1. Being outside any strand (DSSP E or B), in contact with a Phe, Trp or Tyr (Cβ under 8 Å, 6 or more places away or on another chain) and buried (at least 18 other Cβ atoms within 10 Å of the Cβ) is true for just one of ILE255, ILE298, ILE336. Which residue is that?
2. Does segment 43-67 hold any residues that are within 27 Å of PRO690 (Cα to Cα) and buried (at least 16 other Cβ atoms within 10 Å of the Cβ), and which are they?
3. Condition test on TRP344, is it among the aromatic types (Phe, Trp, Tyr) and either at pLDDT below 95 or not in a helix (DSSP H, G or I) (or both)?
4. Given (1) crowded, with 20+ Cβ neighbours inside 10 Å; (2) within 23 Å of ARG586 (Cα to Cα), where does GLY516 come up short, assuming only one miss?
5. Specify the residue that is nearest to ILE378 (Cα to Cα); the eligible residues are those in segment 412-442 that are charged (D, E, K, R) and in a helix (DSSP H, G or I).
6. Among the residues of segment 701-715, which ones are closer than 13 Å to SER602 by Cβ and modelled with pLDDT of 95 or more?
7. State the number of residues belonging to segment 372-394 that are surrounded by 18 or more Cβ atoms within 10 Å (Cβ to Cβ) and closer than 21 Å to HIS449 by Cα.
8. What number of residues in segment 275-294 are surrounded by fewer than 21 Cβ atoms within 10 Å (Cβ to Cβ) and assigned to a strand (DSSP E or B)?
Amino acid sequence: MNNLTRFYLTFILSLSFSLSLSAQSLLQNAYWKLDLLQDGTLKDLKINRNKKWENIPLPEKEYKGFRWYLSEQNKEENIAIKRSSENTFTGNYKDIHFHLSYVLLEDKLQINAIVTNNSGKEFSPEKLGLRMGISNYMESYPQWNDVYFPTLLRAEKTHFWGYMMNPNGNILGLASPDPIASWSLNYNFGYGSKEVFFWGHRIYSSNLDLINTGPLPQRHPQNSSSLKPGQTKKWSFYLVNISTLEDVAKTLTKIHKAPSFEIRQTTLEKGKPFEVKVYNSGTSQLKLTAPSGTVKNIKAKTIKSGIAFFSVIPSNETGVYTLTANHQNRITEAKITVSEPWGWYLQKAREAALIYTQKASWNCENWYGFYSAYLAQIYYPNAEKLKQSNEQFSKVMSLMYDTVNAVPKKITNASRIQNTSTTIGILVDKYRALKNISDLSLAARLADHVIIPSQSADGAYRNGHTHYTSVIYIAKSILELAEAEKELGKTDLFWKNNYQKHYLSAKKAVDQLMLGMSAIETEGEGTFEDGMISCTALQIAAFALLQDNIEERNRYTKMAEDFINSHRSLTQLIVPDSRIRNGTLRFWEAQYDVMLGKNMLSSPHGWSAWRAYATHYLYLLTGKEDYLIQTMNAVGSCAQTIDSKSGKLRWAFVIDPYVNTVQSSENFPGTSEDKYNNNQFKAEEGKTKPIIIGEQYVDMVSDWFQANTSDNDVHEIFKCMEEVALGKAYVLERNDGTLLTYNCSVIKKGNYLVLNSADDRLFKAHFNLKKKCKVSIPGWKQETSIPAGISWFSKR
């Protein structure tokens, strides 16, 4: 055989091998279809749901996956691999060998990742991981309905689990029986103009960070920061369809082989039992670690079919407790909280509003603390704190508004109508606290300013042409005003006319929201935005409660439920962690609120309270137990932004395990033009310091950074808490006759209930009963008969 013949034979054999590999790029069974490119990334991914193939959206360009990537000094680089056999891909980078393969195991898609260090020296990158290859990029309606949000990603010491969910309600479960160091998200950057440029409001995709430098949260594996010379590490993880949120824990526990917690109520008052299920549990006990560090073992009540049932009653120490389940050295962690009385949180919030300065600026988040100040005054009068609050309030109002003509001053960016609607809400609460009719009069005239120039013919409140009804909750703020006007209108024609005008304006706005998802927008970059959805749901549900006509009430209720159901993809509905349970998933506030240089998931954030309003109203409308539990879990996790030991207010809890970023380190000086609080209308600038943040509370900054900051948006939590929980008890009777209670305990004797509460300001009790009962509340003058169904019982 001559050289030319040998060359052609080699060429033909090589081409034949390449073509055969290319032709075998399709991997398929009854549950999955994968089209794999030569570099190991997905060209197409389908899952079979209910005998119908669904396309799973995939990211583009550098975020395609599954793909190895490396991060060093905050710079990311994708690692090239190529097909080495049918569904296996390999490559080398600086003498580090990489392997990736795909396997179909009935309903599960298995991805195997192997890395070997052949470099002869320790390999310690900041991060080494896999691009997930599933798009999280929610851009516009209706595109976003099919896009999976990374709702829950959770590393444990021995394994990993979580899920992605889309607004349609479809769930992709994710689990690994191997310890995975961490995870991260690819946030987009950015939007705006050359002068003002922001981190964006979307996520490209997600990463599994198999190796990650420290520090990492203590729950994570702590020995996954490097590869020694000659060392090989292997990981397998699995994607699986999951039908409902209730099935997530019990489905994934079969994959990661570790115990899984299910805890419906994650925050409770002192003395109440936490009912805990542990799946895949051969253990008969849990370890309970108190906030002080003391440890005790909790024995299971029963174990049946691999499920252990526990009733956990912590000590009277308030704060966060850690539950640990260990079965055959597979370790899983959960957290529960014993809360302080609701009034304690509101009083601490008022103190914080004076420490973390309320200031005039271009956005209302800078003076949101006045809600806490005046609401606390209603329940816990304090002349000195009221004087300080009034002084601050007068300064802010003099800068923000022409109070004679009841219009915003030009310097305050008057087109931001949510600033004025928020001020209306604060004035209403100030009126509730002090009964000065001038406060309500100014609120009414400011409402006219919002309505006349900003409400378009279709009913929406707009900033220019942009839909703004659900930026914060403009219609709800006007309804709060209308509620006060209605009471005065019983004896005063002026206020009756004002009430009707403002109520009808809010009705128009809510009716426009009833057109559905295609009819709403948000400020900033368009996306399936947490607040846009939750504020729409809460405003529709709040309006439904005002309807006497049952058909109208049901019509509004159904639409509010549709919105809140789509919002499940953005809510921590099942995570066994009381610090974040029912927190909503926001990720762009850190740059505005606390001067941090990157996006990160802040949950709970002040705006998490918006969903709590919605579920509260929906509980009052429907009586569904889940709405009550979700509301109280949310209020419980949100209130913990105030530390139960020190009483210190924190801005928010960050879920991301590892964020390497910077934060402004000092406030830059003001100018002679500044009238109040240095530089309140200037852009955020100044020196920075490096900071690593991971699964922790982030401190407030407005006590030292006197320029424009928005961390006082945390006070939405306490505004919601006052409306939903403070001074109110809840009693729900289940079908089996057992009672679910909040902010009280109930002794039941036949059809007679005795309700006790540690709330020193209890004035109202809500009942959801299967049959008529007689109720007595010690300290209240009368006992009364409560009918079956839903009703309030008020102290007289």
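The values are calculated or read from the model by the stated rules, or taken from the named source; none is laboratory data. The structure presented is a predicted model; accordingly, all values stated were derived computationally and were not measured. Every residue, glycine among them, receives a Cβ derived from its backbone with ideal geometry; neighbour counts consider all protein chains shown.
1. Answer to the check: ILE255.
2. TYR63
3. Taking the combined requirement at face value, the residue does not satisfy it.
4. (1)
5. The selected residue is ARG432.
6. ASP711, ASP713, VAL714 - these are the residues of segment 701-715 that are closer than 13 Å to SER602 by Cβ and modelled with pLDDT of 95 or more.
7. Summing the residues that are surrounded by 18 or more Cβ atoms within 10 Å (Cβ to Cβ) and closer than 21 Å to HIS449 by Cα in segment 372-394 gives 1.
8. Counting residues in segment 275-294 that are surrounded by fewer than 21 Cβ atoms within 10 Å (Cβ to Cβ) and assigned to a strand (DSSP E or B) gives 5.
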